[in-house]
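**Q** Have a look at this one before I ask anything.
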Amino acid sequence: MKIYLEKIISECILKLGYPAKTIQIEIPKDNKFGDFTTNTAMLLAKELKSHPRNIAQQITENLEYDKDLINKIEIAGAGFINFYISDNYYFRELSKILSLKNDYGKSEINTGKTANLEWVSANPTKPLHAGHGRQICLGKAIANLLEWSGYKLTREYYYNDAGNQMRILGMSVHARYEQIFNPNFPFPEDGYQGDYIKDIAEKIYSIHGDKYRNCENIDYFITTGEEYNFQSIRNTLEKLNIKHDIFFNESSLYENGAIEKLMSDFKSKKLSYLKDGAVWLKSIGEHEHEKDKVIQKATGEYTYRLPDMAYHIAKLNRNYDLIMDIFGADHVDTYREVLHGIGMLGYDISKIKVIIHQMVVFKTGKEKVKMSGRYGTFYSLDDLLEDIGKDATQFFFIMRGANSQLEFDIELAKEQSDKNPVYYLQYAHARICGILRHAGEVIPEIDKLLETSVDFKILNDKYELELLKQLTKFPDEVESASLTYEPHKIITYLNKTAECFHVFYRNNKVIIPSNINLTLARLKLCLSVKQVLKNGFNIIGISAPERMERTEE
RNA sequence: GCGCCUGUAGCUCAGCAGGAUAGAGCAACAGCCUUCUAAGCUGUGGGUCAGUGGUUCGAAUCCACUCAGGCGUGCCA
């Protein structure tokens, strides 16, 4: 509908010889201002040096529109043009929801384009902790949004199985292994403290006994640790139904010479220089005020920046239309450096979009939960999933915008009560399922009747129409959320939708055996609410329960 | 010090490509189950949108500065 209004207004402006403007169509907060509104006349007023209301007058008088869809057009306030949409339009949309089913809300703005989303990308040095959850759930939802907007999407996981961190992992496992024989064996100062390291060591012991004692080479401990941790990470992701298409290994960038080439490119373009035995990358242009960064250490090893740059070049070479990364706020500088580095070499970095999310503070009621993985205690993502379930986990991680710091109240998320906002949405879905079950009991031939067409004009009560209007906003909401990569908008929308449904439910009985036509129309309305809720749930990743019952009072 | 993010109701947060009386949930208070699930609905109270200036017909939204919090500012990733 928005698109239709944009079209007729711009045609009208053209006809009147007014300068072209991008037409902004909005849904007013208050429905007394109609179903849609535009401020076009106010935007034109300045250039035409005329009163907004006069311009609005001109536009409305010359507008050509389908009178079956638009009931009334009014000028209001300072020069808003308000459109009152005919119920017929909404009834058409209702049929559309029922026929498109799981596809209702999908948009084609990015059809034919490809995108790559890289996220999670934790190195296999430890299990995923609860804090990772934000990025994981956010990424899952954004991935869905990208697909809903038409992209053909590749989900990617980048990891590093070489380098310093993995060596520390190997040394940690090795020390725990030796401690099985000699409790006094020294543990490396910067080693990984978690109990999972002991588990890995014990696993090695149970299979190989003392075969690896006094071993000079820790490679075996590294690879075993890596395999163990990766298995753990993948298990956790699987619980959340996340499947990456590509696991991209940093070491492949060394093997195919990409790193070497990058080094020599920087050198030949005089973007890098040698100082104190290390190779430094210059900060130029808008980054001039920043410190130059080391890309190759005096030891000859490369810092993380270089492979990261090579990796992004590799992705650019795969010709995606959109390359997207998700990082926590602790990595802001890293991605800037990466983009700056490859930008200096002339790569088109405009295709790369980076989402930064702020950090999470976990709380149980008022108490802050310490997340330090460094010294032992460690709240893992598995623990969180175990404690509060995967629906609540995903909902809580997604419900806030990525830019705000997230306060995650584990007590609240755990609570199986009306305080918990997840249930508000799911309950609406379960309630509809309850109605449908009941319909089958009262009217045995209901399935057959539902296949026949119904005149929706019978839906003329204000709660019915409000609910219906809310449903038809879904495609716009999905499109808007996918353009800004903000899945929390879907939650905001679903909340409103659930509210409309609950209000409708409170005021209207659906199953009225004495009035079969009204029953059918309302049942179809319920079916479409169910469909929209389910589609929204699919995007944010939560389940659509058929029933919800409290186990205890 | 510098860079990025944030500051909206008692609490947690929406709203921010400028638009009509600033919203939700929780908390508080008062109501609603002989009705398809009360994990629901209805109502009341609660705000100098951190502050100050600026741009504009119009600012929570844009700009500048100030104050407060988070993250970063490693030859760690």
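The values are calculated or read from the model by the stated rules, or taken from the named source; none is laboratory data. Since the structure is predicted, the reported quantities are computational estimates derived from the model, not experimental observations. Please note: Cβ atoms are built from the backbone with ideal geometry, for glycine as well, and neighbour counts cover all protein chains shown.
**Q** Quickly run through region A:274-289 and pick out the residues that are more than 7 Å from RNA strand B (Cβ to nearest atom) and part of a loop (DSSP other than H, G, I, E, B).
**A** Across region A:274-289, the qualifying residues are A:282, A:283, A:284, A:288.
**Q** Quick one: count up the residues across region A:212-226 that are surrounded by fewer than 13 Cβ atoms within 10 Å (Cβ to Cβ) and either over 18 Å from residue A:171 (Cβ atoms) or among the acidic types (Asp, Glu) (or both).
**A** Restricting attention to region A:212-226, the residues satisfying the condition of being surrounded by fewer than 13 Cβ atoms within 10 Å (Cβ to Cβ) are A:214, A:216-217, A:219.
Then keep just the ones that are either over 18 Å from residue A:171 (Cβ atoms) or among the acidic types (Asp, Glu) (or both); that gives A:216, A:219.
The qualifying residues number 2.
Okay, residues lined up against (1) in contact with a helix residue (DSSP H, G or I) (Cβ under 9 Å, 6 or more places away or on another chain); (2) of a type in the set (Gly, Ala, Ser):
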position	(1), (2)
A:468	yes, no
A:491	yes, no
A:494	yes, no
A:498	yes, yes
A:508	yes, no
A:524	yes, no
A:529	yes, no
A:541	yes, yes
A:550	no, no
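**Q** Another question, if that's okay. Return the residue satisfying two criteria in turn: it lies in region A:320-337 and is at pLDDT below 95 and under 27 Å from residue A:267 (Cα atoms), and of such residues it is nearest to RNA strand B (Cβ to nearest atom).
**A** Taking the candidates together, the pick is A:333.
**Q** Out of everything in region A:236-260 that is without any contact (Cβ under 8 Å) to a residue 12 or more places away in the chain and not small (Gly, Ala, Ser), what residue ends up being farthest from residue A:380 (Cα to Cα)? Please lay out each step first, then the result.
**A** Our first condition is that a residue be without any contact (Cβ under 8 Å) to a residue 12 or more places away in the chain; within region A:236-260, this holds for A:238, A:252, A:255-257, A:260.
This time we only want the ones that are not small (Gly, Ala, Ser), so: A:238, A:255-256, A:260.
Details: A:238: 15, A:255: 34, A:256: 36, A:260: 38 Å.
Applying the filter and picking the extreme gives A:260.
**Q** Does region A:409-421 hold any residues that are within 8 Å of RNA strand B (Cβ to nearest atom) and either assigned to a helix (DSSP H, G or I) or surrounded by 22 or more Cβ atoms within 10 Å (Cβ to Cβ) (or both), and which are they?
**A** Here is the first cut: in region A:409-421, the residues within 8 Å of RNA strand B (Cβ to nearest atom) are A:409, A:412, A:416-421.
Those that are within 8 Å of RNA strand B (Cβ to nearest atom) and either assigned to a helix (DSSP H, G or I) or surrounded by 22 or more Cβ atoms within 10 Å (Cβ to Cβ) (or both): A:412, A:421.
**Q** Looking at this structure, is residue A:549 surrounded by fewer than 22 Cβ atoms within 10 Å (Cβ to Cβ) and not in a helix (DSSP H, G or I)?
**A** Yes.
**Q** Could you please find all residues in region A:476-524 being over 30 Å from residue A:151 (Cβ atoms) and more than 11 Å from RNA strand B (Cβ to nearest atom)?
**A** Those that are over 30 Å from residue A:151 (Cβ atoms) and more than 11 Å from RNA strand B (Cβ to nearest atom): A:514, A:515, A:516, A:517, A:518, A:520, A:521, A:524.
**Q** Just one of (1) surrounded by fewer than 19 Cβ atoms within 10 Å (Cβ to Cβ); (2) under 19 Å from residue A:85 (Cβ atoms); (3) of a type in the set (A, V, I, L, M, F, W, C) trips up residue A:442, so point out which.
**A** Only one criterion in (1) surrounded by fewer than 19 Cβ atoms within 10 Å (Cβ to Cβ); (2) under 19 Å from residue A:85 (Cβ atoms); (3) of a type in the set (A, V, I, L, M, F, W, C) is unmet by residue A:442, namely (2).
**Q** Sticking with this one: Looking at (1) touching a Pro at 6+ places or on another chain (Cβ under 9 Å); (2) among the hydroxyl-bearing types (Ser, Thr, Tyr); (3) surrounded by 21 or more Cβ atoms within 10 Å (Cβ to Cβ), find the lone condition where residue A:177 falls short.
**A** (1)
**Q** Let me ask something else. Please find, within region A:301-319, the residue that is farthest from residue A:119 (Cα to Cα) out of those that are assigned to a loop (DSSP other than H, G, I, E, B) and within 11 Å of RNA strand B (Cβ to nearest atom). Show your work before the answer.
**A** First, the residues of region A:301-319 that are assigned to a loop (DSSP other than H, G, I, E, B): A:301, A:303-304, A:318-319.
When the remaining residues are screened for being within 11 Å of RNA strand B (Cβ to nearest atom), the result is A:301, A:303-304.
Values: A:301: 25, A:303: 20, A:304: 17 Å.
The selected residue is A:301.
**Q** Further question on the same structure: Mind checking whether some residue in region A:389-398 is surrounded by fewer than 18 Cβ atoms within 10 Å (Cβ to Cβ) and assigned to a helix (DSSP H, G or I)?
**A** Taking region A:389-398 as the starting set, the residues that turn out to be surrounded by fewer than 18 Cβ atoms within 10 Å (Cβ to Cβ) are A:389-390.
Retained after the next criterion (residues that are assigned to a helix (DSSP H, G or I)): A:390.
Yes, there is a match, as at least one residue in region A:389-398 is surrounded by fewer than 18 Cβ atoms within 10 Å (Cβ to Cβ) and assigned to a helix (DSSP H, G or I).
**Q** Just checking, how many residues over region A:119-135 are within 13 Å of RNA strand B (Cβ to nearest atom) and farther than 30 Å from residue A:321 by Cβ?
**A** Counting residues in region A:119-135 that are within 13 Å of RNA strand B (Cβ to nearest atom) and farther than 30 Å from residue A:321 by Cβ gives 4.
**Q** With the structure loaded, tell me whether residue A:378 is assigned to a helix (DSSP H, G or I), among the aromatic types (Phe, Trp, Tyr) and either more than 11 Å from RNA strand B (Cβ to nearest atom) or under 16 Å from the mean Cα position of the chain (by Cα) (or both) or whether it fails that test.
**A** Working: assigned to a helix (DSSP H, G or I): no; among the aromatic types (Phe, Trp, Tyr): yes; either more than 11 Å from RNA strand B (Cβ to nearest atom) or under 16 Å from the mean Cα position of the chain (by Cα) (or both): yes.
Spelling it out, it is not the case that residue A:378 is assigned to a helix (DSSP H, G or I), among the aromatic types (Phe, Trp, Tyr) and either more than 11 Å from RNA strand B (Cβ to nearest atom) or under 16 Å from the mean Cα position of the chain (by Cα) (or both).
**Q** Another one. What helices (runs of 4 or more DSSP H) lie completely within region A:431-525 and have 2 or more residues being small (Gly, Ala, Ser), out of contact with any strand residue (DSSP E or B) (no Cβ under 6 Å at 6 or more places or on another chain) and in contact (Cβ under 8 Å) with a residue 12 or more places away in the chain?
**A** Details: elements: A:446-451, A:462-472, A:474-484, A:488-507.
Fully inside region A:431-525 and qualifying: A:474-484.
**Q** Something else now. In region A:451-464, which residue that is surrounded by fewer than 18 Cβ atoms within 10 Å (Cβ to Cβ) and not β-branched (Val, Ile, Thr) is nearest to residue A:507 (Cα to Cα)? Let's see the steps before the verdict.
**A** Residues of region A:451-464 surrounded by fewer than 18 Cβ atoms within 10 Å (Cβ to Cβ): A:451-453, A:455, A:457-458, A:460-463.
Adding the requirement that they be not β-branched (Val, Ile, Thr) leaves A:451, A:453, A:455, A:457, A:460-463.
On the way: A:451: 26, A:453: 25, A:455: 21, A:457: 18, A:460: 13, A:461: 10, A:462: 10, A:463: 8 Å.
Step by step, filter region A:451-464, then rank; the result is A:463.
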